[in-house]
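Novice: My questions will all concern the structure given below.
What follows draws every value from the coordinates through simple rules; no lab data is involved. Just so we're clear, the structure is a prediction, and the values are computed from it rather than from any experiment. All Cβ positions, glycine included, derive from the backbone under ideal geometry; neighbour counts span all protein chains shown.
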Amino acid sequence: MPELPEVETIIRTLNVLVKDKTIDHVSVHLARIIQRPDDIEEFAFLLQGHTILGVERRGKFIRILLDGLVIVSHLRMEGRYGLYSSEEPVEKHTHVVFHFNDGTELRYKDVRQFGTMHLFATGEDLVSLPLSKLGLEPLDESFTLEQFKKILTGKKTKIKSVLLNQAYVVGIGNIYVDESLFKAGIHPEVTAGSLNESQLERLHTSIINILLESIEAGGSSIKSYVNGQGEMGMFQQQLLVYGRENKPCVNCGSIIEKTVVGGRGTHFCPTCQIR
């Protein structure tokens, strides 16, 4: 599933590809992708003639901003966007096509068919589900050390589970939680409320730096992720702990271990990460 760095890379690509394009009409080939409105013909009708003003991100969600409307899109496991000429053959598993008046098309392809789209009036999306209950943006100025402390204070839940909870902090994802905890020297199974001041500061800094480094590298292509131009991310070449079970730690040489925390595969160094 694309996490924050991958989604950020996708929106930057889409802003280059589709900004200022006007929708002539929309084709929906799989109704369940469209969650709001519940009528796909209404979805297509409402979008006709609208121009894309830009593309933004909220957590792992893509916000396609139009004149008066917003499409909130979640890629789930394997959803992807691509810009094509209308003359190019439509690939299998292409479920939604935005036909532009310049002869190009933004196509949404999803092999697993888990992706979703919601259509809102401008501004309504941020105060409605699925966006309204999301937590802090880790790359926003609101993600201060003080706010981070407030989230973790008193929590008896394991720190990894808290960081994966989108109601607290959005978009970090399994890969980046493992990498951030490793960088901060914190064991994934310690309780969130037990972290001391120094650990909190290190973890706060690690989260921000890991995400920025991944965005700079175009995200991580662990499975099928590519950006809107079909390009893979390269951050997987910089991973220090995720996916490196049974290999030596880059810091101390101890063997990286893998366990399960909150139902997610979890990688850590038993020596560098204090329990």
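Novice: Could you list M117, M77 in order of exposure, starting from the residue whose Cβ has the fewest other Cβ atoms within 10 Å?
Specialist: M77, M117
Novice: Let me understand region 52-107 better: what is its radius of gyration from the alpha carbons, and its Dmax, in angstrom?
Specialist: 12.2, 34
Novice: Find the percent of Cα-Cα distances in the chain that exceed 23 Å, and round it to a whole number. The partial results should precede the final answer.
Specialist: Details: 20733 of 37675 pairs.
Pairs farther apart than 23 Å: 55 percent.
Novice: Hey, can you grab everything whose amide H is under 5 Å from the amide H of V96? Only 5+ residues off in sequence or another chain; H modelled, so Pro and N-termini drop out.
Specialist: Residues meeting the criterion, in which the H sits 1.01 Å from N, are H29, Y108.
Novice: Could I ask something else about it? At what distance in nm do the modelled label points of D39 and E91 sit from each other, each positioned 7 Å from its Cα along Cα→Cβ?
Specialist: 3.4
Novice: By how many nm would the segment from D24 to D140 grow when fully extended, if each residue of separation counts as 0.36 nm and the alpha-carbon distance is taken off?
Specialist: Taking D24 through D140 to full extension adds about 38.3 nm, to one decimal.
Novice: Could you state the number of Å between the C-alpha centres of region 151-206 and region 22-38?
Specialist: Measuring centre to centre over Cα atoms gives 38 Å.
Novice: Another one. Each residue of region 44-61 in turn: what ³J(HN,Hα) in whole Hz from Karplus with 6.51, -1.76, 1.60 and θ = phi - 60°, glycine and Pro shown as x?
Specialist: Result, rounded to whole Hz: 5, 5, 5, 8, 4, x, 8, 9, 6, 8, x, 10, 10, 10, 10, x, 9, 8.
Novice: Another question, if that's okay. Could you let me know the centre-to-centre spacing of region 80-124 and region 232-266, using Cα atoms, in angstrom?
Specialist: 35
Novice: Under the Kirkwood approximation applied to all pairs of distinct alpha-carbon atoms, what is the hydrodynamic radius of region 4-127 in Å? Write out the running numbers ahead of the final one.
Specialist: On the way: mean 1/r = 0.0700 Å⁻¹.
For region 4-127, inverting the mean 1/r across all distinct Cα pairs yields 14.3 Å.
Novice: For the chain, what's the relative contact order in percent, using C-alpha pairs closer than 8 Å and at least 6 residues apart?
Specialist: On the way: 565 pairs, mean separation 50.1, N = 275.
Dividing the mean separation by the residue count of the chain yields 18 percent.
Novice: Next question. Measuring from a point 7 Å past the Cα of T191 along Cα-to-C-beta, which residues in region 140-159 have an amide N at less than 13 Å?
Specialist: Under 13 Å, as judged by backbone N against the label point of T191, lie 153-159 of region 140-159.
Novice: Sticking with this one: Spelling out what I want: for every residue of region 205-213, take phi, set θ = phi - 60°, compute 6.51 cos²θ - 1.76 cosθ + 1.60 (Karplus), and round to whole Hz; glycine and proline get x.
Specialist: With the stated coefficients, region 205-213 comes to 5, 5, 4, 4, 5, 4, 5, 5, 5 Hz.
Novice: What's the long-distance tail for region 145-268, i.e. % of Cα pairs beyond 16 Å?
Specialist: Numbers: 4707 of 7626 pairs.
Value for region 145-268 (Cα pairs over 16 Å): 62 percent.
Novice: Let me ask another. Would you please calculate the Kirkwood hydrodynamic radius of region 40-81 over all C-alpha pairs and express it in Å, rounded to one decimal?
Specialist: On the way: mean 1/r = 0.0886 Å⁻¹.
Computed over region 40-81, the radius equals 11.3 Å.
Novice: Turning to a different aspect of this structure: Going 7 Å from the Cα of A167 along its beta-carbon direction, which residues of region 132-158 have the amide nitrogen within less than 18 Å of the resulting point?
Specialist: Within reach of a label on A167: 132-137, 148-158.
Novice: Give me a comma-separated list of calculated 3J(HN,Hα) values for region 65-72, in order, Karplus coefficients 6.51, -1.76, 1.60 applied at θ = phi - 60°, integers in Hz, x for any Gly or Pro.
Specialist: 8, 10, 6, x, 9, 9, 9, 9
Novice: What residues qualify as long-range amide H neighbours of I256, i.e. H under 5 Å apart, gap of 5 or more or another chain, H built at 1.01 Å from N?
Specialist: HN-HN under 5 Å from I256: N246, K247, C249.
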